Amino acid sequence: IIMGLGRLSTRKWIYYPATIYVNFFRSLPLILVIFWFYFMVPFIIGRPMGDFLSAVVAFIAFEAAYFSEIVRGGIQSVPQGQVMAGYSTGLTYYKTMRYIILPQALRNMVPPIITQCVIIFQDTSLAYVIGLREFLRRTSLVDSRELRSLELYLFAGVVYLFFCSIGTIASQRLQKKQFSR
C-alpha cells in the first residue's frame, strides 16, 4: 500500500524512487531476480543467504512492484469526488485515505490481488533453478529415484491446476459480486 501511495504522491522525492523501483522490477523476468538474490547478494554482503531466504526475498522484491500497481490502480478507480468530499469535511490526507479512499479501493483491488496470488503460486516453481526444494523440485527428486516421469509430472500439473482454478474461481466470483453492487 505504501509503495502504491508513493506512485501517486505529488512529492517528487517519494514519487520518483517508487516509480523507478516499480518500473525496474516489472521490466525484469522473475528468474533473473531470483538469480540476483541467490548469487549477487551473498557476494555483496559477504556471506550466503541460503536458497530459501534468497527465494523469499526475491519474490517479495519482485511481487511488491506488481502489488503496488494493483494498489495504485485501485486507489485511482475511486472517483475524485470522494477525495474532495473527505477534504470538505475537514479530514486530512491521511484520514481521507484511511477512512474513505482505501476501503472503497480495496473492493476494487481484491480480484486482481487474488489473480496475482495465483501467479505467485505458479511462479514458485522458478525457485527450482536455485535448488530450493519446493513442490516441483521434490517431484523431480522423486522422479530421479522412481523413474515415473509421466505420472509424477501429471500429478504436479493437476495440483497446480487445482489450486490455480480455485483462485481463479474466487477472483471471478468476487468480481461478479463487486459489479452487481
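Compute the acute angle (0 to 90°) between the alpha-carbon long axis of helix 102-123 and the principal axis of greatest extent of the alpha-carbon atoms of the chain; round to the nearest 10°.
The helix 102-123 is inclined about 10 degrees to the chain.
First check a/c for region 46-98, with a ≥ b ≥ c the square roots of the eigenvalues of its C-alpha gyration tensor; if it is under 1.5, answer rounded, and if not, answer prolate when a/b is larger than b/c or oblate otherwise.
Numbers: a/c = 7.01, a/b = 3.05, b/c = 2.30.
In terms of gyration-tensor shape, prolate.
Taking a probe of 1.4 Å, how large is the accessible area per residue of the chain, in Å²?
Ligands and nucleic acids excluded, the result is 64 Å² per residue.
In whole percent, and with a 1.4 Å probe on the protein chains, what portion of the accessible area of the chain is carbon and sulfur?
On the way: 7760 of 11580 Å².
The C+S portion of the solvent-accessible surface of the chain is 67 percent.
Once you keep just the Cα pairs under 8 angstrom separated by 6 or more residues, what percentage relative contact order results for the chain?
Numbers: 156 pairs, mean separation 38.0, N = 181.
Relative contact order comes out at 21 percent.
Can you work out ³J(HN,Hα) from phi for every residue in region 165-172, in order, using Karplus 6.51 cos²θ - 1.76 cosθ + 1.60 and θ = phi - 60°, giving whole Hz and x for Gly and Pro?
With coefficients 6.51, -1.76 and 1.60, one gets 5, 4, x, 5, 5, 4, 4, 5 Hz.
Just check region 84-181 against the gyration tensor rule for me: Cα atoms, a ≥ b ≥ c as the square roots of the eigenvalues, rounded for a/c under 1.5, and otherwise prolate or oblate depending on whether a/b exceeds b/c. Walk me through the numbers on the way to the answer.
Details: a/c = 7.93, a/b = 2.66, b/c = 2.98.
In terms of gyration-tensor shape, oblate.
On a C-alpha basis, how far is the centre of region 20-53 from the centre of region 65-121 in Å? Whole number, if you could?
Centre-to-centre (Cα) distance: 29 Å.
Out of these labelled values of mean projected area of the Cα convex hull in nm², (i) 15.5; (ii) 10.5; (iii) 13.4, which was calculated from the coordinates shown here?
Label of the calculated value: (iii).
Give the residue list of trypsin sites (Lys or Arg not before Pro) in region 102-155 that are DSSP loop and have at most 16 other beta-carbon atoms within 10 angstrom.
Numbers: sites: Arg107, Arg133, Arg137, Arg138, Arg145, Arg148; in loops: Arg133, Arg148.
When the trypsin sites (Lys or Arg not before Pro) of region 102-155 are filtered for loop state and at most 16 Cβ neighbours within 10 Å, Arg133, Arg148 remain.
The values are calculated or read from the model by the stated rules, or taken from the named source; none is laboratory data. Since the structure is predicted, the reported quantities are computational estimates derived from the model, not experimental observations. Glycine gets a Cβ as well: all are built from the backbone with ideal geometry, and neighbour counts include every protein chain shown. The protein model used for the area step is the full one, side chains on, heavy atoms only, and it has no ligands, DNA or RNA in it. Shrake-Rupley method; radii C 1.70, N 1.55, O 1.52, S 1.80 Å.
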